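The values are calculated or read from the model by the stated rules, or taken from the named source; none is laboratory data. Computed from a prediction, not measured in an experiment: that's the story for all the values here. Virtual Cβ from ideal backbone geometry, glycine too; neighbours counted across all protein chains shown.
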Amino acid sequence: MNTEWWGYSKGHGWVVLDRAVQCNAPGLKVALQFVRARDSSTYIEEREKWVPPEYRFAPNYLSGLKGDDVDQAKAELASFKSEWPQIQGRILRDSQETAERNEALRLEAEKKLKAETRKTKKQAAEDKL
């Protein structure tokens, strides 16, 4: 199953939206994470902005070009797609590491809250004596 949406953005050039990245799953209300071809960097975009003419599906964008522009755009897109497996691997690793760090921070905060709650209850019980 293909999990990528390839397109062209007025502001970012060729981009890909990878549905394998958790925040990009269909049906969510959170912002999307795109990868920009020209520098292989990620950026965040509100879902509401992922519409034409700001973003155009790659085949639709290509069909609107004329002459040499078509060949150049196709070559740029093909180059990006050939580099995609390495870029995707890095992004998925970074995403997983971030999720694991966030989970560790959440668990640590939960542990501290439970310890503070126990301390408060213990202090309240001692105060009653």
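Structural remarks
- For region 46-58, the candidate set comprises residues that are surrounded by 11 or more Cβ atoms within 10 Å (Cβ to Cβ) and touching a residue at least 24 places away in the same chain (Cβ under 8 Å); within that set, the residue that is farthest from Glu4 (Cα to Cα) is Glu54.
For (1) surrounded by fewer than 10 Cβ atoms within 10 Å (Cβ to Cβ); (2) more than 16 Å from the chain's Cα centre (by Cα); (3) of a type in the set (D, E, K, R); (4) in a helix (DSSP H, G or I), each residue gets a yes or a no:
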position	(1), (2), (3), (4)
Gln72	no, yes, no, yes
Leu77	no, yes, no, yes
Ile87	no, no, no, yes
Arg90	no, no, yes, yes
Asn102	no, no, no, yes
Lys114	no, yes, yes, yes
Thr117	no, yes, no, yes
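- The one condition in (1) in contact (Cβ under 8 Å) with a residue 40 or more places away in the chain; (2) exposed (fewer than 13 other Cβ atoms within 10 Å of the Cβ); (3) out of contact with any strand residue (DSSP E or B) (no Cβ under 9 Å at 6 or more places or on another chain) that Lys10 fails to fulfil: (3)
Residues are listed down the side, and each one gets a yes or a no for (1) modelled with pLDDT of 95 or more; (2) touching a strand residue (DSSP E or B) at 6+ places or on another chain (Cβ under 9 Å):
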{"position": "Ala58", "(1), (2)": "yes, yes"}
{"position": "Gly67", "(1), (2)": "no, no"}
{"position": "Ala75", "(1), (2)": "yes, no"}
{"position": "Ser95", "(1), (2)": "no, yes"}
{"position": "Arg106", "(1), (2)": "no, no"}
{"position": "Ala109", "(1), (2)": "no, no"}
{"position": "Thr117", "(1), (2)": "no, no"}
{"position": "Ala125", "(1), (2)": "no, no"}
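- Checked against (1) more than 21 Å from the chain's Cα centre (by Cα); (2) within 21 Å of Glu4 (Cα to Cα); (3) not β-branched (Val, Ile, Thr), Asn24 passes all but condition (1).
- Test result for Gly13, at pLDDT 95 or above, among the small types (Gly, Ala, Ser) and at positive phi: yes
- Residue pairs whose Cβ atoms lie under 8 Å apart, separated by 6 or more positions or on different chains, with the first residue in region 74-92 and touching a residue at least 40 places away in the same chain (Cβ under 8 Å) and the second part of a helix (DSSP H, G or I) and among the aliphatic types (A, V, I, L, M), are Leu77/Ala58; Leu77/Leu62.
- If you go through region 8-38 and pick out every residue that is over 18 Å from Ala73 (Cβ atoms), outside any strand (DSSP E or B) and out of contact with any Pro (no Cβ under 8 Å at 6 or more places or on another chain), you end up with 12.
- From the options Tyr61, Tyr43, residue that is assigned to a helix (DSSP H, G or I) and surrounded by 11 or more Cβ atoms within 10 Å (Cβ to Cβ): Tyr61
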